[in-house]
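Inspection log for the structure reproduced underneath, given as structure tokens.
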Amino acid sequence: MLKEIYTAAMGMVPQQTRLEVIANNMANAGTAGFKRQSVFERNLIDARANLYNVPGDVEQNDPPIGSYTDFSAGAFTQTNNPLDIAIDGDGLFAVQDDEGKLYYTRSGRFRMSADGTIITMDGKTLMGIGGPLNVQGEFLSRPMITGDSKSVDIRIDLSGEVFANDYSIGNLLIGRAINPQSLQRVSKTSFIPTINTEIEYVPLEEITVKQGWLENSNVDIIREMVSMIELQRMFEAGSKVIKTNESTLDDSIRMGRYY
């Protein structure tokens, strides 16, 4: 009887994890560049080990569950902001923090810092092929045209080349993970490579960049809500199994007492 309670509880753990993942997906449905996360339940005995007849425990200590990221593209929204950029196709923007650590993201919402560097909303530097993309002082002057020595016009062509007042300041560094599931999520929209990650940089001729557009989250709210309802029903069923067995166990203990 304790076995039935344990089995029901182990079945509820993955459902609870899936429920938490779905809730996080729904909370970030409006986050630009967010990639939905999903959960899969793996076999209790590893398939490869079973193939080679390696003995294994039918019951593992760890819950039989794992997660993966859906890197499919979200819908594009036109913003007409010159520092909003979307990648049409495979690839991730390379950004760097103050310690020189590289991150990869599909979130194309950028801004310009006080020193002319193009950065993410949380302060990471947008990387170009030759290094950080920075609008140097000599590109900030168009007094003959605008009468404003601080005016700057940012233009990004389809191949990812960035221009400031028609001067090229570099090309976007866009990476592509050969094995994307090896990337580790560290924030809502940022990922870092792990020891198993192979990153290749997308050739300029294969890049299609859309300036003034943002890629939305790839979360489908309706789909997530349907999954949430199904999970709640499954969780309730497991809870009823535990309550039923608990009641039966109480009756058995009561009947076995000697007075």
(Q) If ILE229 satisfies all but one of (1) in the same structural domain as GLY128 (by TED's automatic domain parsing); (2) at pLDDT below 95, what's the number of the condition it fails? (A) (1)
Q) Any residue in region 167-174 that is at pLDDT 90 or above, under 22 Å from ASN24 (Cβ atoms) and part of a loop (DSSP other than H, G, I, E, B)? A) no
Q: Within region 146-153, identify whether any single residue is buried (at least 18 other Cβ atoms within 10 Å of the Cβ), touching a strand residue (DSSP E or B) at 6+ places or on another chain (Cβ under 9 Å) and farther than 20 Å from PHE34 by Cα, and answer yes or no.
A: no
Q. Considering region 193-229 alone, what residues qualify as being in a helix (DSSP H, G or I) and more than 21 Å from the chain's Cα centre (by Cα)?
A. LEU204, GLU205, GLU206, VAL226, ILE229
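Condition check ((1) under 22 Å from the mean Cα position of the chain (by Cα); (2) part of a strand (DSSP E or B); (3) aromatic (Phe, Trp, Tyr)) across all residues:
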residue	(1), (2), (3)
GLY100	yes, no, no
TYR103	yes, yes, yes
SER107	yes, no, no
ALA114	no, no, no
ASP122	yes, no, no
Q: From the list SER190, SER217, SER182, SER247, pick out the single residue that is modelled with pLDDT under 90 and either surrounded by 12 or more Cβ atoms within 10 Å (Cβ to Cβ) or not assigned by TED's automatic domain parsing to the domain that holds GLY160 (or both).
A: SER247
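The values are calculated or read from the model by the stated rules, or taken from the named source; none is laboratory data. If you're wondering where the values come from, they're calculated on a predicted model, not measured in any experiment. Heads up, the Cβs are rebuilt from the backbone with ideal geometry, glycines too, and the neighbour counts pull from every protein chain shown.
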